[in-house]
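Notes for the one structure printed next.
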Amino acid sequence: MLKKITTAAAAVLLAALTACGSGGSGDAGSTGAPKGNDDGKITMGFAQVGAESGWRTANTKSVQEEAAAAGIDLKFSDAQQKQENQIKAIRSYIQQKVDVIAFSPVVETGWDAVLLEAKRANIPVILTDRAVDSDDTSLYKTFLGSDFVEEGKKAGEWLKTNAAGAKNVVELQGTTGAAPAIDRKKGFEDAIAGTDLKIVATQTGDFTRSGGKQVMEAFLKSVPQIDVVYAHNDDMGLGAIEAIKAAGKVPGKDIKIITVDAVKDGMTALAAGEINFIVECNPLLGKQLMELAKKVVAGEEVPPRVVTEEGTFTVEQAKTELPNRKY
């Protein structure tokens, strides 16, 4: 009898110890908000779009450096501009029970299912650089990034003032379905509405220099008169410059060029007069992202939208700013 009682007591004790061990493992799906690693560090899963441009390279570097400075354990993945790769990475982060997930969605739609999985696992999500198109805003805590519509408007407003008889605009769009491509197009079109300016051809260059060059080469062959190139980022604009030069024309003079980003290569071309105007899109989001991550993991309230401060640059302004440019 004594042996049976002792055996039973041992079984109860073992079960209790096992339960305590499970509770201490930080199972985000069943124990509430994530609490970080055993050493107290926050673990962030970051699903990057890719490495399609100088802007994206600077953005990645900012996230990695600021995570290290903030003492945050960063798990990083490169989606190579494919949504399925980002979804796979996010699901992997959920399985690893990270404390917070951040990502720059390659396109706006198709995220509800995987974000719902993160929500059910009690893992907060932060959108960076790009937004998602979802009716359920509870699927993410906040969106940190630029106002892309405003960027497009700035480009269009400058052109209206500095058009000097220009009429025909060709547009190098970003990745089809991506928030910056959709919004920069809308902002620009809104700004030039009611003027003689019109977009006579538009096609995606996928935010890459090679894509911008290929599309511009096609435009130069198919469009009789091109007065202005509006590129959704610097890299596509730089590709367009190569195509314009190869066609025997002078970029910035024969054809005006407007771009978005203001990375160092773009600013160099602007200072040289090969680009006429650049709207800034700041890639250095790392510090703000880490601050937001700490707050959401701690259960603090954060604004649903955090807009980065950005400016614009003319040729003369680029000459002054270029020596100080960090990206």
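Miscellaneous remarks
- Counted residue by residue at 0.36 nm each, then reduced by the alpha carbon distance between them, the extension gain from T137 to D196 reaches 17.3 nm.
- Max mean-square fluctuation residue, GNM over the chain, Cα-Cα springs under 10 Å, options G311, G156, G187: G311
- Largest-first ordering by accessible area, 1.4 Å probe, given options Y230, Y327: Y327, Y230
- Beyond 14 Å, the tail of the calculated P(r) for the stretch 255-327 holds 63 percent of the Cα pairs.
- Modelled label reach - K249, point 7 Å along Cα→Cβ, the stretch 275-315 residues with backbone N closer than 19 Å: 275-278
- Residue with peak Gaussian network fluctuation, the chain [Cα springs, cutoff 10 Å], from T109, T308, T161: T161
- Taking one quarter of the surface of the convex hull spanned by the alpha-carbon atoms of the stretch 148-281 gives a direction-averaged projected area of 6.8 nm².
- Mean projection of the Cα convex hull over all viewing directions, computed for the chain: 19.6 nm².
- Charge sum, other residues only, whose C-beta stays under 14 Å from E309's C-beta, Lys/Arg counted +1 and Asp/Glu -1: -2
- Rounded to the nearest 20, the Cβ-based charge dipole of the chain about its Cα centre (Lys and Arg +1, Asp and Glu -1) stands at 720 debye.
- Gain upon complete extension [T308, K75; 0.36 nm per residue less C-alpha separation]: 81.5 nm
- Nearest 10 degrees, 0 to 90: helix 83-96 Cα axis against the chain principal axis: 20 degrees
- A 1.4 Å probe run over the chain, with the rest of the protein chains in place, finds 46 Å² accessible per residue.
- 0 to 90° range, to nearest 10: angle between helix 54-70 axis and the chain longest Cα axis: 30 degrees
- Sequence-distant lysines (8 or more away, or on other chains) whose Cα lies within less than 27 Å of K294: K35, K41, K61, K75, K88, K97, K119, K141, K326
- Calculated mean residue ellipticity at 222 nm for the chain: -14000 deg cm²/dmol, from DSSP H runs with n ≥ 4 weighted as -39500 (n - 2.57), summed, divided by the residue count and rounded to 500.
- Taken about its Cα centre, the stretch 241-288 carries a charge dipole of roughly 60 debye when the Cβ of each Lys and Arg holds +1 and the Cβ of each Asp and Glu holds -1.
- Straight-line reach from K249: taking Cα to Cα under 17 Å and skipping same-chain neighbours fewer than 8 places apart, the lysines in range are K213, K221.
- Folded to 0 to 90 degrees: helix 179-192 orientation relative to the chain principal axis, Cα: 30 degrees
- Straight-line reach from K154: taking Cα to Cα under 17 Å and skipping same-chain neighbours fewer than 8 places apart, the lysines in range are K185, K186, K198, K256.
- Cα convex hull volume per residue for the stretch 72-179 (Å³): 126 Å³
The values are calculated or read from the model by the stated rules, or taken from the named source; none is laboratory data. Since we're looking at a predicted model, the values are computed, not measured. Cβ sites come from the backbone with ideal geometry, for glycine too, and all protein chains shown count toward neighbours. Side chains included, ligands, DNA and RNA excluded: accessible areas come from the protein's heavy atoms. Shrake-Rupley method; radii C 1.70, N 1.55, O 1.52, S 1.80 Å.
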